[in-house]
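J.: I have a structure here, written as structure tokens, and I will follow up with some questions on it.
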Amino acid sequence: MLQLVRAAIAAAAFIITIDPSTAQTLDKIKQRGVLIVGTKADYKPFGFRDTSGAIVGFEPDLARDVAQRLGVRLELEPVVSSNRMQFLQQGKIDLMLATMNVTQERRQTVGIVDPSYYASGVNVLAIKKAALKSWEQLRNQKICAIQGAWYNKIVAEKYGAEIVAFRGQTESETALLQGNCIGWMYDDTAFLERLGDPKWSAFEMPLETILHEPWGAAVKLEERNGPWGQFMANTITEWHRSGKLIEVEKKWSIPPSGFLTKTRTEIK
């Protein structure tokens, strides 16, 4: 009898810790007929604006697939590294697909869904005149970066770089072109498209990519193990198994990812 009482108390405590207004996202999406997904709008080809102003790219395509599976309309909300988790916590978006690397700290803040759907590492787009050959050369050098990037502190402490953080890609890009930094530190995937653009002919990505980390889709923390989190986990697993992620990668002319090939083999 005592065990039953204890179990009831534990269950009641668990229920109290869950806010009913935030624990039914899957039902809310179906009822409203709209899925709101936070994606990047300044990270070509993963999420950017086309000539009409619409947000397109690798992650918007994945968001569209989720909406189709739910039979609802898709609404894309542009986010940046510094606000994407807050938008999710505040209920401004139902789902985040925004080039977010998975870290333990972030797992404690938002409901990162497993498996991951992509991966990237950290590199520097540097002016060729800097003649960078190693990360150690960043000591006491001004390096542009994005606010909220998890690796800013690591690189500053390990390599002594002077991090100059900006709100988004546009601001970092402008600062680099204006000579405010010798390089811009970001995901290596973000520089692939730029390296083929004549606009960036005076720049290079000379360093070895470091700090490889997977990208995670995210729901609210309290819903990670609930119906919405499980729906997304099953969806991402199916993306890997069916080759959907590789298909979308090819569509956007993204160089083949070893992470996708490896994960697909493991999941199959």
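The values are calculated or read from the model by the stated rules, or taken from the named source; none is laboratory data. Values in this document were obtained by computation on a predicted structure and should not be read as measured data. Reconstructed Cβ throughout: ideal geometry from the backbone, glycine too, with neighbour counts over all protein chains shown.
J.: Search region 71-130 for residues being out of contact with any Asp or Glu (no Cβ under 8 Å at 6 or more places or on another chain) and among the small types (Gly, Ala, Ser), and hand back the single one that is nearest to residue 142 (Cα to Cα).
T.: Restricting to residues being out of contact with any Asp or Glu (no Cβ under 8 Å at 6 or more places or on another chain) and among the small types (Gly, Ala, Ser), the top hit is 130.
J.: Continuing with the same structure: What residue, among those in region 235-266 that are loosely packed, with under 14 Cβ neighbours inside 10 Å and in contact (Cβ under 8 Å) with a residue 60 or more places away in the chain, is nearest to residue 95 (Cα to Cα)?
T.: So the residue we want is 251.
J.: Which helices (runs of 4 or more DSSP H) sit wholly inside region 12-131 and have at least 1 residues that are within 19 Å of residue 148 (Cα to Cα)?
T.: In region 12-131, 84-89, 104-107 are the helices (runs of 4 or more DSSP H) which contain 1 or more residues that are within 19 Å of residue 148 (Cα to Cα).
J.: Continuing with the same structure: Looking only at region 184-206, filter to residues that are in contact with a strand residue (DSSP E or B) (Cβ under 7 Å, 6 or more places away or on another chain) and in a loop (DSSP other than H, G, I, E, B); which one of those is surrounded by the most Cβ atoms within 10 Å (Cβ to Cβ)? Give the derivation first.
T.: Keep residues of region 184-206 that are in contact with a strand residue (DSSP E or B) (Cβ under 7 Å, 6 or more places away or on another chain), which gives 184-191, 194, 202-206.
Narrowing the set further to residues that are in a loop (DSSP other than H, G, I, E, B) leaves 202, 205-206.
Numbers: 202: 11, 205: 19, 206: 17.
The extreme case among them is 205.
J.: OK, next. Is there a residue in region 184-191 that is in contact with a Cys (Cβ under 6 Å, 6 or more places away or on another chain), modelled with pLDDT of 95 or more and more than 24 Å from residue 85 (Cβ to Cβ)?
T.: The answer is no; no qualifying residue exists.
J.: Taking only pairs six or more apart or across chains, which ones have beta-carbon atoms under 8 Å, a first residue in region 36-65 that is β-branched (Val, Ile, Thr), and a second residue that is in a helix (DSSP H, G or I) and buried (at least 24 other Cβ atoms within 10 Å of the Cβ)?
T.: These pairs meet every condition: 37/63; 39/59; 39/63.
J.: Can you find a residue in region 207-220 that is assigned to a helix (DSSP H, G or I) and either modelled with pLDDT of 95 or more or farther than 24 Å from residue 37 by Cβ (or both)?
T.: The answer is no; no qualifying residue exists.
J.: If a residue has to be modelled with pLDDT of 95 or more, more than 13 Å from the chain's Cα centre (by Cα) and of a type in the set (S, T, N, Q) to count, how many in region 75-116 make the cut?
T.: Counting residues in region 75-116 that are modelled with pLDDT of 95 or more, more than 13 Å from the chain's Cα centre (by Cα) and of a type in the set (S, T, N, Q) gives 5.
J.: Same structure, new question: What are the residues in region 134-164 that are under 21 Å from residue 215 (Cα atoms) and not in a loop (DSSP other than H, G, I, E, B), if any?
T.: Those that are under 21 Å from residue 215 (Cα atoms) and not in a loop (DSSP other than H, G, I, E, B): 145, 146, 152, 153, 154, 155.
J.: Given the criterion touching a Phe, Trp or Tyr at 6+ places or on another chain (Cβ under 9 Å) and of a type in the set (A, V, I, L, M, F, W, C), identify the matching residue among 161, 131, 156.
T.: Of the residues listed, the single one that is touching a Phe, Trp or Tyr at 6+ places or on another chain (Cβ under 9 Å) and of a type in the set (A, V, I, L, M, F, W, C) is 161.
J.: Now, a different point. Sort through 178, 147, 141, 169 and tell me the only one that's touching a residue at least 12 places away in the same chain (Cβ under 8 Å) and either surrounded by fewer than 17 Cβ atoms within 10 Å (Cβ to Cβ) or in the same structural domain as residue 83 (by TED's automatic domain parsing) (or both).
T.: Result of the check over 178, 147, 141, 169: 147.
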